[in-house]
Amino acid sequence: MQLKKIQAKDMRQAMMQVRDELGDDAAILSSRSLPAGGVEVIATLAPAAPVSKPVAAAKSAEANVSKAEFGAMRSELHSIRTLLQQRINGLAWEQFSNRSPAQAVVWERLTAMGIPGFLTRQLADKAATGKTIDQNWKQVLAALVKTVPVVGSDPVQAGGRFAFVGPTGAGKTTTIAKLATRYVLEQGADSVALVTTDSFRLAAHEQLRTLGRILGVTVKVVDEQHTLAETLAGLSHKKLILIDTAGLPAGHPEQQRQLAILRSVINLQKWLVLPVTSQAQVLRSAWKTCSTAGISACILTHMDEACVLGDALALAIEQKLPVAYETFGQAIPDDIAVAQATALVRRAVSLGRQQAEVPVERERLMTEYGGQTALTPDLRRMASI
């Protein structure tokens with residue numbers, strides 16, 4: 001394998017020199033910026049394999065390359081491409097941060113908050129040239145506050161029928177306990193009812209029944225003998241009905257059946273309970289699964305345990321899903337509050353400051369930026385090798 005180290009004023013000239021000296025089949029192995037200015041690339045051109053007249057046995061052996069060997073080759077190529085993409089992201093970020101330092105600071109801070117690349121791009125574009133970093137940052141945060149959708153009022157206090165859906169461990173039952181307790185303390189127990197459709201966990205029934213006994217409110221269980229529609233019809237005189245549901249794995253047949261039942265009930269608000277401690281993929285999976293029921297708002301839980309809030313806020317913004325409440329502890333009924341956009345962003349910023357010094361965030365920063373950046377011709381050529 002032939003290796004060639006080339007130094008040039010910029011990447012464009014380096015690529016032209018690589019093509020001139022090694023031809024169009026050259027591959028870039030690495031690139032870096034030089035302290036004195038310019039760039040250095042290391043390129044290679046693997047020599048063509050010598051052509052010989054194969055015998056029949058050799059032909060047969062070559063034609064029957066094992067799947068294991070082929071898989072190993074694909075894995076190696078994937079690793080090389082991943083490494084190259086990382087280098088391209090790093091080079092793109094370096095060029096951007098040198099060209100637009102104010103916007104680069106915005107990218108760094110938003111990434112530390114957990115804001116994904118697509119939303120960071122939209123917000124960073126609002127950073128104006130000619131302003132200080134602090135002025136730009138305040139402008140970006142103001143734009144983020146306006147973008148976060150919230151219900152704004154305290155919807156449960158006005159009464160209604162609300163079903164809580166979401167993944168296992170999201171905090172659905174605890175959230176219901178907080179809202180029910182607060183309502184009873186303020187308006188009394190006579191007009192409140194609790195309903196559970198969770199036929200999988202007996203503990204869930206007992207937890208709700210225990211809460212009902214403490215508060216003095218009606219508790220009903222939906223099962224094969226009592227449908228949700230029949231249960232709600234029997235509770236039509238209640239001003240507030242809170243419905244707990246089973247947290248089931250995505251794709252579980254019972255989950256789809258449960259969501260279909262909720263969707264068929266009129267005058268029923270469905271709220272998605274999202275634990276902000278979950279990864280972005282988990283949050284998006286919960287939304288994708290439960291959105292078929294007709295979700296009207298969400299509740300962000302486990303705020304006291306969160307490292308970042310960006311993924312949850314981005315999902316709410318992207319899906320135009322208003323946040324009704326946030327919860328931040330196990331205390332009933334205290335650890336719950338009506339969601340306010342300013343408070344959510346303030347908490348996200350505070351957590352972001354704590355994450356800003358974590359080394360792995362630098363790699364995420366370059367990855368997020370690289371994924372949202374239109375490549376220059378030279379970088380695009382490198383990415384296609």
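Other residues whose C-beta falls under 11 angstrom from the C-beta of L262 contribute a net charge of +4, scoring Lys and Arg +1 and Asp and Glu -1. Each label point was placed 7 Å from the Cα along the Cα-to-Cβ direction; for D10 and S153 their separation is 5.8 nm.
Highest mean first, what order results for 274-282, 107-115 on Cβ atoms within 10 Å? Don't skip to the answer; put the middle values down first.
Numbers: 274-282: 18.4, 107-115: 24.0.
Ranking the peptides 274-282, 107-115 by packing returns 107-115, 274-282.
Across every direction, the projection of the convex hull enclosing the Cα atoms of region 211-250 has a mean area of 4.0 nm².
Each residue of region 104-118 was assigned a 3J(HN,Hα) from its phi angle through the Karplus expression (A = 6.51, B = -1.76, C = 1.60, θ = phi - 60°), giving 5, 5, 4, 4, 4, 6, 5, 5, 4, 7, x, 5, x, x, 4 Hz with x at Gly and Pro.
Are any of the pairs K126/K172; K239/K288; K238/K270 more than 29 Å apart by Cα-Cα distance, and if so, which? Write down the numbers at each step before the final one.
Numbers: K126/K172 37 Å; K239/K288 31 Å; K238/K270 18 Å.
The pairs that break the limit, which is 29 Å between Cα atoms, are K126/K172; K239/K288.
P(r) tail, region 205-328: Cα-Cα pairs separated by more than 22 Å, 44% of all pairs. Taken along the Cα-to-beta-carbon direction at a fixed 7 Å, the label points for Q330 and E21 span 6.5 nm.
Relative contact order for region 155-339: what percent, with Cα pairs under 8 Å and sequence separation of 6 or more? Before the final figure, lay out the partial values.
On the way: 325 pairs, mean separation 49.7, N = 185.
Relative contact order, region 155-339: 27 percent.
Taking a sphere under 11 Å around the Cβ of L211 and counting the other residues whose Cβ falls inside, with K and R at +1 and D and E at -1, yields a net charge of +1.
We did not get these values from a lab; they are worked out from the coordinates using the rules stated. Note that the structure is a prediction, hence the values are computed from the model and not measured. Reconstructed Cβ throughout: ideal geometry from the backbone, glycine too, with neighbour counts over all protein chains shown.
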